[in-house]
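Pasting a structure here, questions to come.
The values are calculated or read from the model by the stated rules, or taken from the named source; none is laboratory data. Quick caveat, the model's predicted, so the values are computed rather than measured. Here the Cβ positions follow ideal geometry from the backbone for every residue, glycine too, while neighbour counts run over all protein chains shown. Ligands, DNA and RNA are excluded from the accessible area calculation, which covers all protein heavy atoms including side chains. Shrake-Rupley method; radii C 1.70, N 1.55, O 1.52, S 1.80 Å.
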Amino acid sequence: YREPLILMHFRLRRALLALAAMLMLPACQAVAGQCERIVATGDPELPPYLWQDPENPGRLVGAAADLLDQLGKALGVRIDTIHTGAGPQAEADAESGRVDLLIGTTPNASRRQSLDFIEPAPFVLSSSVWVRRDQGFAYGGWNDLYGHSGVVLADGRLAREFDPLSGAYLPLQEASALPEALRTLQQGRADYLLHESLSTQAVAERLGMLGEVRAIEPPITSEGLYLAISRDSACNEPALRERLASGMAELVANGVPEQLLQRNLERWKAWQRAEPLNE
């Protein structure tokens, strides 16, 4: 009787494991279905796309935050866009799963290992070469910057993304804030400024410099800003990714991101007028 008892033991164990698996499946689906609140973050130094709310420092506002709010309402999901730190910290928080979504990011090999990118990109970020209006130089791309002195924001996206190139070949000085960088250019202490187009134009307008500086074509970079979901997020399920992509495509087709961008550009300008500029 020994062998039949052993066989019965294994059959019972197998049946219990199968039953446990069946019971766990609905539980996992229920957990996934309970993602009624999703937390997002992004680079807080990216106005008018994204910046830290001066009235609530733990929150991010801007065109990207407003877009996520509309996307969440369309999907019946609450999406909160919070401030977790500077750009690199926000990216690390998303990659580790401490937050679910990262907004305003660009795909590369490293990020694709920890993030699933949602198509299409709602925004295109252009960064330009800014020069004094009365002085310039022949320019068609990175190669034409050699031999000229430039200025870039120390903690800005260009300094992070292009540091290996700029550090090796371009004599770039760093400024702590955009007004400082613009004055460096205005006073002739640099031949050009590298920075995002819309925010540079807005700050130059406030400083009364629009008649003194100009952006030259083509932009130094032009890249899509995507929404990405962390692969370590408990909410990262194929069904949610499909819904995010479908909802984003509809918003883009209706021109919503561009409307929100223009609205938040004016919003950011109004906030600047009410606050002292960081020199």
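Exactly one condition in (1) of a type in the set (S, T, N, Q); (2) over 21 Å from LEU265 (Cβ atoms); (3) not in a strand (DSSP E or B) is false for THR41; which is it?
For THR41, the exception is condition (3).
Let me ask something else. Tell me, please, whether a residue that is surrounded by 13 or more Cβ atoms within 10 Å (Cβ to Cβ), assigned to a loop (DSSP other than H, G, I, E, B) and not aromatic (Phe, Trp, Tyr) can be found in region 113-130.
yes
For a quick check of your reading: which helices (runs of 4 or more DSSP H) sit entirely within region 158-239 and have at least 3 residues that are modelled with pLDDT of 90 or more and either under 25 Å from GLN262 (Cβ atoms) or of a type in the set (Gly, Ala, Ser) (or both)?
Helices (runs of 4 or more DSSP H) meeting the threshold: 178-186, 197-206.
Does VAL39 satisfy the criteria of being modelled with pLDDT of 90 or more and touching a Cys at 6+ places or on another chain (Cβ under 8 Å)?
The answer is no for VAL39.
Would you be able to tell me the number of residues in region 170-181 that are surrounded by fewer than 23 Cβ atoms within 10 Å (Cβ to Cβ) and within 11 Å of VAL203 (Cβ to Cβ)?
Matching residues across region 170-181 total 3.
Can you confirm whether region 254-268 contains a residue that is at pLDDT 95 or above and part of a loop (DSSP other than H, G, I, E, B)?
The answer is yes; a qualifying residue exists.
Still on this model: If you take the residues of region 55-69 that are open to solvent by 60 Å² or more (accessible area, probe 1.4 Å) and not in a strand (DSSP E or B), which of them is modelled with the highest pLDDT?
Among those residues, the one meeting the criterion is ASP69.
Whether any residue in region 70-83 is part of a loop (DSSP other than H, G, I, E, B), closer than 20 Å to GLU237 by Cβ and open to solvent by 10 Å² or more (accessible area, probe 1.4 Å) is what I want to check.
Initial filter on region 70-83 (part of a loop (DSSP other than H, G, I, E, B)): 76-77, 83.
Narrowing the set further to residues that are closer than 20 Å to GLU237 by Cβ leaves 76-77.
Pick out the ones that are also open to solvent by 10 Å² or more (accessible area, probe 1.4 Å) and you get 76-77.
Yes - at least one qualifying residue is present in region 70-83.
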